[in-house]
Structure formats: C-alpha cells, structure tokens
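The values are calculated or read from the model by the stated rules, or taken from the named source; none is laboratory data. Source: prediction; values computed, not measured. Ideal geometry is used to build each Cβ from the backbone, glycine not excepted, and the neighbour counts take in all protein chains shown. Quick note on the areas: whole protein, heavy atoms, side chains included, nothing else; ligands and nucleic acids left out. Shrake-Rupley method; radii C 1.70, N 1.55, O 1.52, S 1.80 Å.
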Amino acid sequence: MSIPEEIDFEVDADDLTPLAEDGKALGSPSLVVDDLYVTYRVFGGKRVGNATGQKPGVLKRFLSGGRTHVGGVTSVEAIKGVSFVARHGESIGVVGINGSGKSTLMRAIAGLIPPTHGAVYVSGDPSLLGVNAVLMGSLTGERNVMIGGLALGLTPDEVRERFDEIVDFSGIGDAIYLPMKAYSSGMGARLRFAISSAAVPDVLMIDEALATGDAAFRKKSKARIDAIRDQAGTVFLVSHSLATIESICSRTLWVHQGKLVMDGPSAEVCAAYKAFVRAQDGASR
Ligand SMILES: Nc1ncnc2c1ncn2[C@@H]1O[C@H](COP(=O)(O)OP(=O)(O)OP(=O)(O)O)[C@@H](O)[C@H]1O
Ligand SMILES: [Mg+2]
C-alpha cells in the first residue's frame with residue numbers, strides 16, 4: 001500500500017501525543033486508519049430474518065451481532081468505523097473479548113482483507129505475524145523459513161544469509177528439519193515469530209503469538225520488539241494477557257463489537273477493560 005501524494009490526513013494536533021508514556025519522543029505517523037469498515041461475506045449459514053424475506057426486526061438484528069442474511073449470503077460487520085494514528089517507535093496493545101474484531105483489524109492493516117469503507121495508510125511494509133497465511137504445515141520448518149522470508153519481501157539470498165539467525169532465535173534446534181505440523185503450538189509460535197521479525201518490518205503485528213511461548217521466549221520476544229521500536233518501527237500486540245500488554249505496550253486500543261471504544265495509556269485502558277470483563281462475568285452468573 002502506498003500513500004498517494006494528494007492525501008491530506010487532517011490529523012487534529014490536539015489528538016496527537018508527542019511523548020510516549022515512558023517519556024521518549026515519538027516519531028511521525030507510520031500508520032493512519034481512517035474510518036475503517038470491514039465486512040465479511042459468508043455463503044450459507046443460518047438465516048437471521050424470517051422465512052417471508054422481511055427485514056429482521058431491531059431486536060433480532062441487535063441479537064444477531066451485526067449479522068444480516070440476504071439471498072444465501074451472510075454479512076458480518078466485523079469492523080465498524082475505526083480511526084486512529086500510530087507513530088514510529090510506538091508499541092500498541094490491542095484488547096477486546098473474543099470476536100470483537102482484533103484479528104480482523106490486524107488483517108486489514110496488513111492489507112490481507114480490503115476495507116468495505118474507509119482506508120488504511122501505511123508508510124513502509126506491514127507484516128502480520130501470521131506469515132501464518134503463507135506457511136505450510138506439511139513442509140519442514142526449513143522450507144517455511146524460505147517461504148515466510150520471501151513473503152516478507154526478502155530475496156532468496158537474504159533468507160539464506162539470515163537462516164541460522166532465524167533458527168537460533170526460534171530456539172527449536174533440529175526440529176527445523178521436521179514438518180511444521182509435528183511442532184507443538186509453542187514451537188510453531190516461536191518459529192513464526194523468528195521468521196516474522198527477521199526482516200525488521202516497519203509495522204509488525206503480533207496476534208496472540210506470545211501467549212504460547214514460555215517465559216524465556218517471551219523475554220527474547222520483548223527484546224526483539226524493543227529493537228524494532230528502536231529502529232522506529234511500530235508494533236501491534238493482540239493478546240488476552242493484559243500483563244503482557246502492560247509490560248510491552250505504552251498505548252492500548254480496546255476494540256468492542258467492531259468499534260474502538262478506548263485508546264490511551266495501557267494502564268488506563270487495561271484497567272477499564274478489566275472492570276468491564278469483571279462486570280460481564282458478574283452479570284452472566
Ligand atoms: N473469515 C471470516 N469469515 C466470516 N466471519 C468472520 C471471519 N473471521 C472473523 N469473522 C467474524 O468477525 C468478527 C470478528 O472476528 P475476529 O476474528 O476479528 O475477532 P477477535 O477479536 O480476533 O477474536 P479472538 O479474541 O477470539 O481472536 C466475529 O464476529 C467473527 O465471527
Ligand atoms: Mg483473534
């Protein structure tokens with residue numbers, strides 16, 4: 001994705017935070033998400049309206065969580081009007097309950113799914129730590145390092161140069177010569193992280209990958225994330241572990257039902273989100 005020259009981002013100076021929480025000066029914007037909407041269309045699935053083809057009532061539409069069903073196609077509005085600006089050198093946590101739209105937001109930023117409305121402007125290359133999309137379980141880790149590296153925009157020679165470093169960082173040793181489907185989820189996550197961060201992307205998105213690693217690997221990952229930030233990259237971390245988010249990210253976005261409900265310092269946003277989850281737990285009991 002490139003930035004057309006005539007675009008005026010219209011960023012309100014009052015909305016910008018010149019300093020990160022830790023007092024470090026932040027860079028210029030690396031990413032602008034402008035009134036983003038993403039709708040999935042699924043063929044088949046259960047009908048939300050009634051058999052007469054009339055529009056579903058307000059209550060039914062509310063209960064269906066934004067799903068509508070027309071002519072055998074179900075539409076799921078997964079992201080509804082999200083806007084924010086991310087800066088070079090920022091690490092941003094993303095929290096929200098299951099199905100709130102976090103992974104969808106990351107995929108849209110990575111350019112893997114097109115917006116139905118609005119736009120994402122990225123300076124440089126975004127890389128979603130689901131190079132997942134291109135990795136193949138039936139192939140060895142070694143082959144997947146090559147495939148993942150190429151997907152990140154490295155040349156075959158560059159991948160070969162970095163191969164040892166990637167394998168060392170992953171710490172999975174000789175398992176690199178086994179098919180990835182024989183890996184434990186932690187081993188798979190380690191190799192994916194090692195591949196994804198090999199290219200020092202401008203925007204790195206990590207969706208839940210750290211949760212499966214052990215403590216030692218989490219520490220290494222944090223160091224790698226800090227290194228990317230120091231090279232003026234932007235890191236997004238989607239996780240259900242608020243402790244991980246608070247220790248790594250200065251800023252956090254809270255996504256709920258496809259909307260950005262809070263955007264601010266991690267401590268504040270995580271506290272508000274925790275209170276919300278606790279209140280929901282209480283209500284469902
Ligand atoms: N490929 C898809 N096709 C259709 N609907 C989808 C698809 N992927 C996600 N959705 C729907 O979009 C909404 C948001 O899903 P998403 O995966 O972004 O949530 P999430 O916040 O990442 O959840 P989790 O915490 O469980 O990972 C959900 O209602 C989900 O059912
Ligand atoms: Mg997800």
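Data for the structure
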{"item": "Amide proton proximity set for GLY233, modelled H, under 5 Å, gap of 5+", "result": "GLY89"}
{"item": "The stretch 145-285 - Rg (one decimal) and Dmax (whole number), Cα, Å", "result": "17.3, 58"}
{"item": "Rounded accessible area per residue of the stretch 82-188, 1.4 Å, Å²", "result": "44"}
{"item": "Estimated vicinal HN-Hα couplings, Hz - the stretch 260-276 in sequence order (Karplus 6.51, -1.76, 1.60; Gly, Pro = x)", "result": "7, 8, 7, 8, x, x, 3, 4, 5, 5, 5, 5, 5, 5, 4, 4, 5"}
{"item": "Long-range HN-HN contacts of VAL238 with modeled amide H, under 5 Å", "result": "VAL94, ILE206, ASP207, GLU208"}
{"item": "When each of LYS80/LYS181; LYS80/LYS219; LYS219/LYS274; LYS181/LYS219 is checked by Cα-Cα distance, pairs over 27 Å", "result": "LYS80/LYS181; LYS80/LYS219"}
{"item": "Peptides 217-223, 152-158 ordered by average Cβ neighbours within 10 Å, highest first", "result": "217-223, 152-158"}
{"item": "Linear extension gain, ARG143 paired with ASP214, 0.36 nm per residue minus alpha-carbon span", "result": "23.1 nm"}
{"item": "Spacing of the two label points (7 Å from each Cα toward its C-beta) at PHE84 and VAL261, in nm", "result": "1.4"}
